[in-house]
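A short write-up of the structure that comes next.
The values are calculated or read from the model by the stated rules, or taken from the named source; none is laboratory data. This is a predicted model, so every value here is computed, not measured. Reconstructed Cβ throughout: ideal geometry from the backbone, glycine too, with neighbour counts over all protein chains shown.
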Ligand SMILES: O=C(CO)[C@H](O)[C@H](O)COP(=O)(O)O
């Protein structure tokens, strides 16, 4: 079993009968959805919403009951991956392009568990370029405004084309280097018209489950 799978399967143990569950996106969340599918096949009764078309298709294929947002109400738990996490459980997300849906789902959940392999745990955020979802209209100006915050933004590509999120937007991958204050940067990004959402998740994850290559599974609460 790989380290992502170890972490993801451990997180699924927190899912109890009757829960409403948010399904994350990416190669770690994939394993959580796979394990949930197994448990549903064994009789676990849950309902779920997905954070991406890919996760929705995986869940549907496994027989995990999916509901609309108007039907399900507030979620009990979301399990999702991250590109980076620090000791305070501040995250960078969006490597898979699903950050907007992931943030909406996580913030409508009582609890978010982040699952990751050990490579994602860092002392300071910022080695991974911060994904920022922007509207295509006047993207050049939006990129200028992001650049003025002190990074080199690059529009994500998919082959020869500009990458489009499930919401039809662009992603700017922004190299800030070490991020001194995630909150200050989040506030500044949010003030730019044209920015739909950014990949900084602050005060959202309440538990991290990290798989280590020596076989250990680390369970971490946010440091204060
Ligand atoms: O934020 C995400 C997708 O938007 C993913 O959770 C993040 O990119 C981690 O992916 P992986 O588990 O494949 O390493």
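Observations
- Answer residue from region 10-24, given it is farther than 18 Å from residue 217 by Cα and in contact with a helix residue (DSSP H, G or I) (Cβ under 8 Å, 6 or more places away or on another chain) and is surrounded by the fewest Cβ atoms within 10 Å (Cβ to Cβ) among those: 20
- Among the residues examined, residue 168 qualifies as out of contact with any strand residue (DSSP E or B) (no Cβ under 9 Å at 6 or more places or on another chain), exposed (fewer than 12 other Cβ atoms within 10 Å of the Cβ) and part of a loop (DSSP other than H, G, I, E, B).
- Test: residue 27 is touching a helix residue (DSSP H, G or I) at 6+ places or on another chain (Cβ under 7 Å), within 15 Å of the ligand (Cβ to nearest atom) and modelled with pLDDT under 95: no
- Complete set of residues in region 30-60 that are closer than 16 Å to residue 106 by Cα and either away from the ligand (no atom under 12 Å from the Cβ) or not in a helix (DSSP H, G or I) (or both): 47, 48, 49, 50, 51, 52, 56
- Restricting region 25-66 to residues that are over 27 Å from residue 95 (Cβ atoms) and either without any contact (Cβ under 8 Å) to a residue 24 or more places away in the chain or in contact with a strand residue (DSSP E or B) (Cβ under 7 Å, 6 or more places away or on another chain) (or both), the residue that is surrounded by the most Cβ atoms within 10 Å (Cβ to Cβ): 47
- Among residues of region 61-78, those that are part of a strand (DSSP E or B) and farther than 13 Å from residue 37 by Cβ, counted: 3
- Of 136, 131, 123, all but one fail to be under 17 Å from the mean Cα position of the chain (by Cα) and either touching a residue at least 24 places away in the same chain (Cβ under 8 Å) or more than 13 Å from the ligand (Cβ to nearest atom) (or both); the exception is 131.
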